[in-house]
Number of protein chains: 2
Amino acid sequence: MVQKQEYLSKNQKIVLDHVEKANQPLKAYSILYNVQKKGLKAPLQVYRALDKLVEIGKIHKIESRNAFVACKNSNCIVSNATAFSICESCEKVTEINNSKLSKYLSNFEDNSGMKYSKYNLEFFGLCKKCKNK
Amino acid sequence: MVQKQEYLSKNQKIVLDHVEKANQPLKAYSILYNVQKKGLKAPLQVYRALDKLVEIGKIHKIESRNAFVACKNSNCIVSNATAFSICESCEKVTEINNSKLSKYLSNFEDNSGMKYSKYNLEFFGLCKKCKNK
DNA sequence: AACGCATTGTTATATTATAACATTATTATT
DNA sequence: AATAATAATGTTATAATATAACAATGCGTT
Ligand SMILES: [Zn+2]
Ligand SMILES: [Zn+2]
Ligand SMILES: [Zn+2]
Ligand SMILES: [Zn+2]
């Protein structure tokens, strides 16, 4: 039997490194531009690395922004249970780490008969800084 | 003073009509293709109508799918508080109308000092049908 | 009529993402 | 070590999604 991958490949490391160093979401093509000096020449190389990193929870995609951010919750137990706050003025994005919220949402059921295995939540508003302007 | 728009323009009506008749999310270019017989020839005409319709809550964007769906909550009080369930197998999307959930999320606060004015939540899983396959 | 503003029409272009195919690397099994 | 299975890479081209820029029109208000 083939084991699940437990290491990161060269391209995956390069992309993750770059995304982790940023403290804001990055666009795929901005990542591409910045890792070209490291040998990743084509969009697909970045997208493939991102796909894998998202799959294993090291990176999350901010869907409303088409941007990618490194996971801030160690070990990323919550890769299938993500929540973010997004400032609509300065675009600052923060990963929300709130166990009550994640418990509430992970246990959420409605009358649809559907059992949810995953969710993504994005809150919008003005951050402290922008509110006081 | 100019009043806030309370009617829909020609293009907006055409697009909304079309989206309402579908009971699934539609892609912008599929909408375009289907309303070309009604005179909307260019992507921008569709995107502009969609923008406005999203703004006033008649239509919601399913961010993880880049697709648009008509609001199912009458009067759309919740245009800034949206929740959807998405089947990862058949891609069926349902707007969740659950007052406990919306109350919980609308009142959610964390220690970031941010007051959220809007949220979008997407649940993923398998719908009843797909689960029993 | 004159103004302000939303909407429209149009062409071009930017941005985001995937298809297809050949090759190489890694790990597991024999 | 050879084989097979799986994952990752490299590359070119193209698909899908979305916006810029600018001119024109429609409509309610003054
Ligand atoms: Zn995370
Ligand atoms: Zn801000
Ligand atoms: Zn709605
Ligand atoms: Zn289904």
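Some points to look at:
- Label point of residue B:64 (7 Å along Cα→beta-carbon): distances to the other copies' equivalent points are 1.6 nm, sorted ascending.
- Radius 11 Å from Cβ of residue A:67, net charge of other residues (Lys, Arg +1; Asp, Glu -1): +1
- Working from Cα pairs under 8 Å separated by at least six residues, relative contact order for the range A:1-70 is 37 percent.
- Calculated diffusion of the range A:69-133, Stokes-Einstein form, Kirkwood radius summed over Cα pairs, 4 °C and 1.567 mPa s, µm²/s: 97 µm²/s
- Normalised by the number of residues in the range B:29-85, the average gap of Cα pairs under 8 Å and 6 or more apart makes the relative contact order 23 percent.
- The residues B:64, A:99, A:30, sorted by heavy-atom accessible surface at 1.4 Å with ligands and nucleic acids left out, run A:99, A:30, B:64 from largest to smallest.
- 222 nm mean residue ellipticity, helices alone, for the protein assembly as shown (DSSP H n ≥ 4; -39,500 (n - 2.57); rounded to 500): -9500 deg cm²/dmol
- In this view, the solvent-accessible surface of residue A:126, computed with a 1.4 Å probe and all protein chains in place, comes to about 70 Å².
- Within 10 Å of the Cβ of each residue in B:103-115, the mean number of Cβ atoms contributed by other protein chains is 5.
- The mean sequence separation of alpha-carbon pairs under 8 Å and at least six residues apart, normalised by the residue count of chain B, gives a relative contact order of 20 percent.
- If you take the Cα centroid of the range A:10-42 and the Cα centroid of the range A:66-133, the two points sit 23 Å apart.
- Across peptide A:124-132, the mean count of Cβ atoms from other chains lying within 10 Å of each residue's own Cβ comes to 4.
- Summary for residue B:80: label point 7 Å along Cα→Cβ; distances to the equivalent points in the other copies, ascending, 3.4 nm.
- Largest to smallest principal axis extent of the C-alpha atoms in chain A, angstrom: 54, 47, 25
- Signed unit charges on C-beta, dipole axis of the protein assembly as shown, positive-most listed residue A:113, B:96, A:89: A:89
- Electrostatic dipole magnitude of chain A [Cβ: Lys, Arg +1; Asp, Glu -1; Cα centre; debye, to 20]: 520 debye
- Distance violations [Cα-Cα > 18 Å] among A:58/A:103; A:27/A:61; B:27/B:52; A:10/A:52: A:58/A:103
- With its label point put 7 Å out from Cα toward Cβ, residue B:29 sits 1.5 nm from the same residue's point in the other copies, in order from shortest.
- Fluctuation leader among B:57, B:113, B:39 - chain B, Gaussian network, Cα springs under 10 angstrom: B:113
- log10 of Debye I(q)/I(0), alpha-carbon scatterers only, for the protein assembly as shown at 0.07, 0.12, 0.13 Å⁻¹: -0.29, -0.86, -1.00
The values are calculated or read from the model by the stated rules, or taken from the named source; none is laboratory data. None of these values were measured; they are calculated from a predicted model. Please note: Cβ atoms are built from the backbone with ideal geometry, for glycine as well, and neighbour counts cover all protein chains shown. The accessibility values were calculated without ligands, DNA or RNA, using every heavy atom of the protein model including side chains. Shrake-Rupley method; radii C 1.70, N 1.55, O 1.52, S 1.80 Å.
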